[in-house]
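Undergrad: Structure in structure tokens, see below.
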């Protein structure tokens, strides 16, 4: 499977799963059908594109778990259509059930693809738990960054919407950015435990400029440092009931997160070290 396509495939699944994780925490009557319909279309687009890559581009992102992976992606897409139908009909209980099924199937597909594509080039302690932690936190930071930005924008559509929702989402976004930093720190700690004479050494492969160090430190700055700073700033603006300022900051944060996570998938796929 071409590396670029595999990276893009992981990104699509992670963003879809992360976006779905945001849809259970606001009463539907507060935001109305339009907000959830927009989010449902985003999820459908992401999963539809992932399915197209899987079915029509001849890619094989799941390794030995090809059958299970394909069923997971197709199940996620089918459940996403069910979610959209539930939102359209405003049958919220059914919509939440369909969203939960979509989230479960997309997360399973993300894990199966990540396990097949992020293969360690040398022994890395706790590789599987670290891979799971990094895939999970990557999906969460992608989803919460994008959807929190859209929520901030929604205040232009519904100006009477309580600011409590934006404040809570900004708090959660800050939390998932911190969790993402912790997952990367744990990976670096594990890489540092490897014998320095081992070749290829995961620490040098990842952080050294003779390896992928240029991309790694760029990823740390753009994907973790800048989003952490901007998440704090957006929370401050939301607490001051300044949704336009918060949304503007969140736009920049989303750019940093997208750049950082795409770079992280590239690093993970090429070095076998999940970051």
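Undergrad: Using only alpha carbon pairs under 8 Å that are at least six residues apart, calculate the relative contact order of the chain and give it in whole percent.
TA: Relative contact order, the chain: 24 percent.
Undergrad: Could you work out, for region 124-271, what percent of all Cα-Cα pairs fall into each 5 Å distance bin, beginning at 0 Å and stopping at the bin that holds the largest distance?
TA: Calculated over all Cα pairs of region 124-271, the distribution is 2, 10, 19, 20, 15, 11, 9, 6, 4, 2, 1, 0, 0 percent.
Undergrad: Could you tell me whether region 105-190 comes out rounded, prolate or oblate from its Cα gyration tensor? Rule is a ≥ b ≥ c as square roots of the eigenvalues, rounded for a/c under 1.5, then prolate if a/b exceeds b/c, otherwise oblate.
TA: Cα axes put region 105-190 in the prolate bin.
Undergrad: Taking one equal scatterer on every alpha-carbon of region 1-63, how large is log10 of I(q)/I(0) by Debye at q = 0.12, 0.14, 0.24 1/Å?
TA: Scattering profile of region 1-63, log10 relative to I(0): -0.38, -0.48, -0.95.
Undergrad: Is region 1-117 rounded, prolate or oblate when judged by the Cα gyration tensor, a ≥ b ≥ c being the square roots of its eigenvalues, rounded requiring a/c under 1.5 and prolate requiring a/b larger than b/c? Show your work: numbers first, answer last.
TA: Values: a/c = 2.39, a/b = 2.28, b/c = 1.05.
Because a/c hits 1.5 or more and a/b exceeds b/c, region 1-117 counts as prolate.
Undergrad: Another question, if that's okay. Report, to two decimal places, the Cα Rg of region 171-214 normalised by 2.2 N^0.38 Å (N = number of residues).
TA: Numbers: Rg = 13.3 Å, N = 44, 2.2 N^0.38 = 9.3 Å.
Output field value: 1.43.
Undergrad: Could you pull the Rg and Dmax for the chain, using just the Cα atoms, both in Å?
TA: Final numbers for Rg and Dmax: 18.9, 62 Å.
Undergrad: While we're here: Would you give the gap between the C-alpha center of region 115-152 and the C-alpha center of region 66-109, rounded to a whole Å?
TA: Distance between centres, Cα-based: 21 Å.
Undergrad: Now a separate question. Can you show me the helix-derived [θ] at 222 nm for the chain, built from DSSP H runs with n ≥ 4 at -39,500 (n - 2.57) apiece and divided by the number of residues, rounded to the nearest 500.
TA: Only helices count here, giving -26500 deg cm²/dmol.
Values in this text are rule-based calculations from the coordinates and carry no lab data. Quick caveat, the model's predicted, so the values are computed rather than measured.
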